[in-house]
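Visitor: I have a structure I would like to understand better, so I am pasting it below and will then ask my questions one at a time.
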Amino acid sequence: MQANCPRCGHPGHAVGLRTLKHQVKPEHLQVVETGTFNFCPTAICDVVYFNESGVILTKADVRQRIGLKETEDPVPLCYCFGFTDAMVREEIIATGQCTIPQRIAAEVKAGNCACEIRNPQGSCCLGNVVAVVKRAMKDVDIQPPEEWT
């Protein structure tokens, strides 16, 4: 069930219990069993998870940095394979392209990811990674590949 974040009003998306149990700090394990939680993707909002009962879990309540909510390096992009925003920028500056999305896609195809556990969103990071690559390429005036437009 989709709900809006009680702090920023942005629509969240449902996250499974398995994701929550791997993401929250131990002292919050019991609270994540109190209902369906949603992930807030808004960068300026410190809420990470919330439920329909008004329970809010912030950046301080989770075990790792949330890439969508960070502005200082290292900004995580791919939680399964350790790719960061800085790695994207470095590869683009060095080569004029970025192979990280293709590398992640190959790992996903090979069954080597654990997105529902490692990614705080509980889903594949590839869409977020492609968006970061597109933005970084535009920042250095390079046209992203046609398949990404």
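Visitor: Say whether the condition of being over 20 Å from Cys125 (Cβ atoms), out of contact with any helix residue (DSSP H, G or I) (no Cβ under 7 Å at 6 or more places or on another chain) and surrounded by fewer than 16 Cβ atoms within 10 Å (Cβ to Cβ) is met by at least one residue in region 59-74.
Guide: Within region 59-74, one or more residues are over 20 Å from Cys125 (Cβ atoms), out of contact with any helix residue (DSSP H, G or I) (no Cβ under 7 Å at 6 or more places or on another chain) and surrounded by fewer than 16 Cβ atoms within 10 Å (Cβ to Cβ).
Visitor: Somewhere in region 78-100, is a residue surrounded by 17 or more Cβ atoms within 10 Å (Cβ to Cβ), touching a Phe, Trp or Tyr at 6+ places or on another chain (Cβ under 8 Å) and farther than 29 Å from Arg7 by Cβ?
Guide: Yes, the conditions are met somewhere in region 78-100.
Visitor: Note down all Cβ pairs under 8 Å where the first residue falls in region 109-120 and is at pLDDT 95 or above, the second is exposed (fewer than 11 other Cβ atoms within 10 Å of the Cβ), and they're at least six residues apart or on different chains.
Guide: none
Visitor: A follow-up question, please. Before we move on, is Tyr49 of a type outside the set (Val, Ile, Thr) and part of a strand (DSSP E or B)?
Guide: yes
Visitor: Here's another thing I want to ask about it. Let me confirm something: among Glu91, Glu27, which residue is at pLDDT 95 or above, more than 16 Å from the chain's Cα centre (by Cα), closer than 22 Å to Cys113 by Cβ and assigned to a helix (DSSP H, G or I)?
Guide: Only one candidate qualifies: Glu91.
Visitor: Just to be sure, is Pro41 surrounded by 15 or more Cβ atoms within 10 Å (Cβ to Cβ), under 24 Å from Met137 (Cβ atoms) and not assigned by TED's automatic domain parsing to the domain that holds Val132?
Guide: Yes; evaluated as a whole, the condition is true for this residue.
The values are calculated or read from the model by the stated rules, or taken from the named source; none is laboratory data. Note that the structure is predicted; figures quoted are calculated from it, not measured. No Cβ is skipped: glycine too gets one built from the backbone with ideal geometry, and neighbour counts run over all protein chains shown.
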